[in-house]
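J.: Following this message is one structure expressed as structure tokens.
No value in this document is a laboratory result; all are computed from the given coordinates. Model, not experiment: these values are computed from the prediction. FYI the Cβ positions are ideal-geometry reconstructions off the backbone, even for glycines, and counts take in every protein chain you see.
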Amino acid sequence: MKPFSTVLRAYAEARTRWRLFLTVHVSLRLLALALIAPLMGALVNLAVSFSSQSALTDQDIALFILSPIGFVLSLVVASIVLVAAVATFAVMASALRYEQASQWQTARIALVTVVRRLYPLAVFIGLLLLRILLLAAPFAIAAGLVALWLLTEFDINYYLTYHPPAFKLAVGLIGVIAVVLALLLLQRLSAWALALHLVLFDGQSPRKSFAMSAERMRGHHLKLQIELVVWIAMRAALAAGLAVVAGGMIAWMPVGAGAGMLQVLFVAVLIMLLWLVGDAVLSALALGALALILDRHFGGEHPPLPDDLRPKTRMRFGVLGGGVIAVVLGGISLWLGQALFDAVQTEDKVEIIAHRGAAGSRPENTTAAIEEALVQGTDWVEIDVQESADGQIVVMHDADLMKLAKTNLQIHATSTTDLQEVDIGSWYDPLYADERIPLLSEVLAQVKGRAKLLIEFKHYGYDVDLEGRTVQLIEAVDMADQIAFMSLKYESVQKAKNLRPDWRAGILAATAVGNLAGLEGDFAAVRAEIASPGLISSVHAVGKDLYVWTVNDPLQMSKMISMGVDGLITDEPGLAREVLRVRAGLNTPERMVLWLVEELGLDLTPGEYRDVSP
């Protein structure tokens, strides 16, 4: 049988068992959620306990993972996640081996079979993960060396913005490395395809199962490899079809001035439910089809059911399992619904923070951008500062001028006089050809009495006394009560607080593990995608504020405000002000509708932005 026909038949047979596969898939995902979440939390706490901080962010996370202890804990976490995924597949494979007249009895027997072999299954998964890591390590090192060779001469934002030849070459080489790795993984995984079956059904030891599988698959590798590629392609096509349907429904949603809020709320909830159900069904069918494909390669007669696994009760597994699932899902739905309703703020208390000035309508970090932010009514202006070669504090985000002017001048190695000869506005529009790199002292004079100033310390490894010199400039113009500091580098925040304990300072984070609220500082500024009601509550509970970046979509702005964040860092301060005006006329259910619509993926972002990083 041709590979395409084989895979198509497997999907068709999986569809006839959809109740069985869906029950197994959903039940085990809920079980994994209940068991893995606390375990993962314990591992995160253990990881953080090895540091002197209550949380790890960004670079600290990467450094910890590269440490011996961090690497071991990362392997444990990866193993736990892999156990959950493989366990679901193992139950489906067992269901095919011990299939009964009743699908619900089949599910019960398959689950018991896997539970009885849980220890060797866990050992097998650990060995599988280790083999994959050893296989991928040289390729990962090679990709890292390519990036180090081709993408470190200039600031990374230059490469990401302009895609110069070096960037294209790096992407091409890393792409070739990735393709070779993918082909090698496909070849090895096809050789190991029967190892799980050998552990579960033949009682083989996990260590021997890989070699035995490779021996049994000899001469059949290519056929299975093609089938796996077709299976992946079909899975992707079905997922794309589901996304198209959902996208069409979202586009059809009656959002507008004349739309009734109850109607929009009903449609939004309906789409979310259909999306969740559709994704669950698709995932279950895809795993079931894969189980069918590998079961055929394993071959042999299906063994008789052991006596101690024969049904001894008339209670149908499906009734019990379905009841449990219904209760759990119902409880989760009620809890989420109540939490969502409680989280929606009835009174807007949020400050607008203009990212690098009004960077959506003027060249970033220029006096023009700062002036435009002030005109648009921002509460804060956010800027980036670093030291020049002559010890001046200049307003600039990148380590060099390649992105803004395609000029190879490193900020730390160039005098202020030379830096201010460079045009940093024409890239945006020739109208701003006169824009030059501002000094912090100039920006302080510009915003004094008109808005507050949020200063981000940029560290590229060459600073001398960035925090101390910045403090001196602020005290010289008597603006201590109109500024705040933040940095991606936690030591910088601590240094600022040590210098001036009464001044506002906070940590900036794209990712975080542990208790972010426990870090020193008066606020945390996080990527909007990691903000949640739970994080906001924990930060507020210790008297700190939470800011989110970089929020340019009006629906996401409304969602963040409803969650209760204290500040929106945005390239569009005027748009944020308009969102606040519109929200002032909405009641709580209407604000909830906007939240749900944003969750569905509707994006009203007004334009494209070259750089929304902090």
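J.: Rounded, prolate or oblate: which fits the range 479-614, taking a ≥ b ≥ c as square roots of the Cα gyration tensor eigenvalues, rounded meaning a/c under 1.5, else prolate when a/b beats b/c?
T.: Working: a/c = 1.91, a/b = 1.73, b/c = 1.10.
Cα axes put the range 479-614 in the prolate bin.
J.: Only loop residues by DSSP count here, and only those with at most 13 other Cβ atoms within 10 Å; note down the GluC sites (Glu not before Pro) in the range 560-614 that meet that. List each step's numbers first, then the result.
T.: Details: sites: Glu578, Glu590, Glu598, Glu599, Glu608; in loops: Glu608.
For GluC sites (Glu not before Pro) across the range 560-614 that sit outside H, G, I, E and B with at most 13 neighbouring Cβ atoms in 10 Å, the list reads Glu608.
J.: Another question, then. Compute the Cα gyration tensor for the range 3-42, then decide on rounded, prolate or oblate, letting a ≥ b ≥ c be the square roots of its eigenvalues: rounded whenever a/c is under 1.5, prolate when a/b is larger than b/c in the other cases, and oblate in all that remain.
T.: Working: a/c = 8.73, a/b = 2.58, b/c = 3.38.
Note, shape of the range 3-42 comes out oblate.
J.: Right, another one. Taking the Cα centre as origin and putting +1 on Lys and Arg beta-carbons and -1 on Asp and Glu beta-carbons, what dipole magnitude results for the range 352-599, to the nearest 20 debye? Write out the running numbers ahead of the final one.
T.: Numbers: 22 positive and 38 negative charges, 135 e Å.
Dipole about the Cα centre, nearest 20: 640 debye.
J.: Another question, then. If one computes the Cα centroid of the range 177-218 and of the range 495-569, what distance in Å separates the two points?
T.: 46
J.: Would you mind ranking His220, His459, His355 so that the residue whose beta carbon has the fewest other beta carbons within 10 Å leads the list?
T.: Sorted ascending by nearby Cβ count, the order is His220, His459, His355.
J.: Find the relative contact order for the range 87-170 and round it to a whole percent, using C-alpha pairs within less than 8 Å whose residues are 6+ positions apart. The partial results should precede the final answer.
T.: Numbers: 33 pairs, mean separation 16.0, N = 84.
RCO, the range 87-170: 19 percent.
J.: Please state the relative contact order of the chain as a whole percent: Cα pairs under 8 Å, 6+ residues apart? Don't jump to the answer; show the numbers that get you there.
T.: Details: 859 pairs, mean separation 97.1, N = 614.
Computed value for the chain: 16 percent relative contact order.
J.: Over 21 Å between Cα atoms: which of Lys495/Lys544; Lys403/Lys497; Lys403/Lys448; Lys168/Lys406 fall into that group? Could the numbers behind the result be given before it?
T.: Details: Lys495/Lys544 19 Å; Lys403/Lys497 32 Å; Lys403/Lys448 29 Å; Lys168/Lys406 17 Å.
The answer is Lys403/Lys497; Lys403/Lys448.
J.: By the scheme Lys and Arg +1, Asp and Glu -1, what is the net charge of all other residues having a beta-carbon under 12 Å from that of Lys452?
T.: Numbers: positive: Lys448, Arg450, Arg504; negative: Glu351, Asp379, Glu382, Asp481.
Local charge sum for Lys452: -1.
J.: Please give the length that would be gained between Ala584 and Met272 if that part of the chain were fully extended, namely 0.36 nm times their separation in residues minus their C-alpha to C-alpha distance (nm, one decimal).
T.: On the way: separation 312, 0.36 × 312 = 112.32 nm, distance 2.67 nm.
Extra length available between Ala584 and Met272 comes to 109.6 nm.
J.: Quick one: which of 385-392, 410-417 comes out on top by average Cβ neighbours within 10 Å, and what's the full order, highest first? It would help to have the intermediate numbers written out before the result.
T.: Details: 385-392: 18.9, 410-417: 16.4.
In decreasing order of mean packing, 385-392, 410-417 become 385-392, 410-417.
J.: What dipole magnitude, in Debye to the nearest 20, does the range 3-312 give about its Cα centre under +1 on Lys/Arg Cβ and -1 on Asp/Glu Cβ? Walk me through the numbers on the way to the answer.
T.: Numbers: 21 positive and 14 negative charges, 190 e Å.
In total the dipole reaches around 920 debye.
J.: Further, regarding this structure: Can you pull the percent of Cα pairs in the range 3-312 with separation above 30 Å? Write down the numbers at each step before the final one.
T.: Numbers: 23745 of 47895 pairs.
The answer is 50 percent, as a whole percent.
J.: List the aspartates and glutamates whose Cα lies under 14 Å from the Cα of Lys458, skipping any in the same chain that are fewer than 8 positions away.
T.: Asp155, Glu382, Asp384, Glu387, Asp398, Asp400, Glu467, Glu491
J.: Any idea what the dipole of the chain comes to, in debye rounded to 20, about its Cα centre with Lys/Arg Cβ at +1 and Asp/Glu Cβ at -1? It would help to have the intermediate numbers written out before the result.
T.: Values: 48 positive and 59 negative charges, 885 e Å.
That gives a dipole near 4260 debye.
J.: Express in nm, to one decimal, how much length is gained between Ala280 and Ile530 on full extension, taking 0.36 nm for each residue of separation and deducting their alpha carbon distance. Present the calculation step by step, with values, prior to reporting the outcome.
T.: On the way: separation 250, 0.36 × 250 = 90.00 nm, distance 2.37 nm.
Full-extension gain reported as 87.6 nm.
J.: Which of the chymotrypsin sites (Phe, Trp or Tyr not before Pro) found in the range 37-122 are loop residues per DSSP with 16 or fewer other Cβ atoms within 10 Å of their Cβ? Intermediate results must be reported in sequence, preceding the final value.
T.: On the way: sites: Phe50, Phe64, Phe71, Phe89, Tyr98, Trp104; in loops: Phe50, Tyr98.
Here the chymotrypsin sites (Phe, Trp or Tyr not before Pro) that fit, given the DSSP loop and packing criteria, are Phe50.
J.: Normalising by the residue count of the range 352-599, find the relative contact order in percent from Cα pairs under 8 Å and 6+ residues apart. Walk me through the numbers on the way to the answer.
T.: Working: 487 pairs, mean separation 44.5, N = 248.
Rounded, it is 18 percent for the range 352-599.
J.: Here's something else I'd like to know. Which helices count as membrane-span-like in the chain under these terms: full DSSP H, at least 30 Å along the axis by C-alpha, Kyte-Doolittle mean of 0.0 or more? Please list the in-between numbers first.
T.: Numbers: long enough: 18-49 (45 Å, 1.63); 68-97 (42 Å, 2.14); 118-150 (46 Å, 2.27); 165-191 (39 Å, 1.96); 221-252 (46 Å, 1.43); 261-298 (55 Å, 1.98); 317-343 (38 Å, 1.64).
The answer, listed by residue number, is 18-49, 68-97, 118-150, 165-191, 221-252, 261-298, 317-343.
J.: In the chain, what % of DSSP beta bridges are antiparallel (nearest 5)? All intermediate terms of the calculation are to be shown ahead of the outcome.
T.: Values: 9 of 41 bridges.
Within the chain, antiparallel bridges account for around 20 percent of the total.
J.: Give the residues of the range 357-377 whose amide nitrogen is closer than 13 Å to a point set 7 Å from the Cα of Thr605 in the direction of its Cβ.
T.: 360
J.: At R0 = 56 Å, how high is the FRET efficiency between Leu75 and Asn408 if r is their beta carbon distance? Nearest 0.05 is fine. If you can, show how the numbers build up before the last one.
T.: Working: r = 41 Å, r/R0 = 0.74.
The value I calculate is 0.85.
J.: Would you pull out the residues with amide H under 5 Å of Gln410's amide H, same chain only if 5 or more places away, H placed 1.01 Å from N?
T.: none
J.: Given (i) -0.33, -1.34; (ii) -0.29, -1.44; (iii) -0.22, -1.36 as candidate values of log10 I(q)/I(0) by the Debye sum over Cα atoms at q = 0.05, 0.13 Å⁻¹, which corresponds to the one derived from the coordinates?
T.: Answer label, from the structure shown: (ii).
J.: A further question on this structure: Put +1 on the Cβ of every Lys and Arg and -1 on every Asp and Glu Cβ in the chain; which of Leu194, Ile411, Ala368 then has its Cα farthest towards the positive end of the dipole?
T.: With unit charges placed on the Cβ atoms, the residue in question is Leu194.
J.: Could I ask something else about it? Hey, which lysines would be in cross-link range of Lys223, C-alpha to C-alpha under 20 Å, not counting anything within fewer than 8 residues on its own chain?
T.: Lys2
J.: Is the C-alpha gyration tensor of the range 24-87 telling us rounded, prolate or oblate? Criteria: a/c under 1.5 is rounded; beyond that, a/b larger than b/c is prolate, otherwise oblate. Please report the intermediate quantities before stating the final value.
T.: Values: a/c = 3.10, a/b = 2.13, b/c = 1.46.
Cα axes put the range 24-87 in the prolate bin.
J.: Another question about this same structure. Among Lys223, Lys349, Lys497, Lys403, which comes first, second and so on when ranked by fewest other beta-carbon atoms within 10 Å?
T.: Values: Lys223 16, Lys349 9, Lys497 19, Lys403 24.
Fewest-to-most ranking of Lys223, Lys349, Lys497, Lys403: Lys349, Lys223, Lys497, Lys403.
J.: Put +1 on the Cβ of every Lys and Arg and -1 on every Asp and Glu Cβ in the chain; which of Ala140, Ala170, Gly468 then has its Cα farthest towards the positive end of the dipole?
T.: Checked the options; the winner is Ala140.
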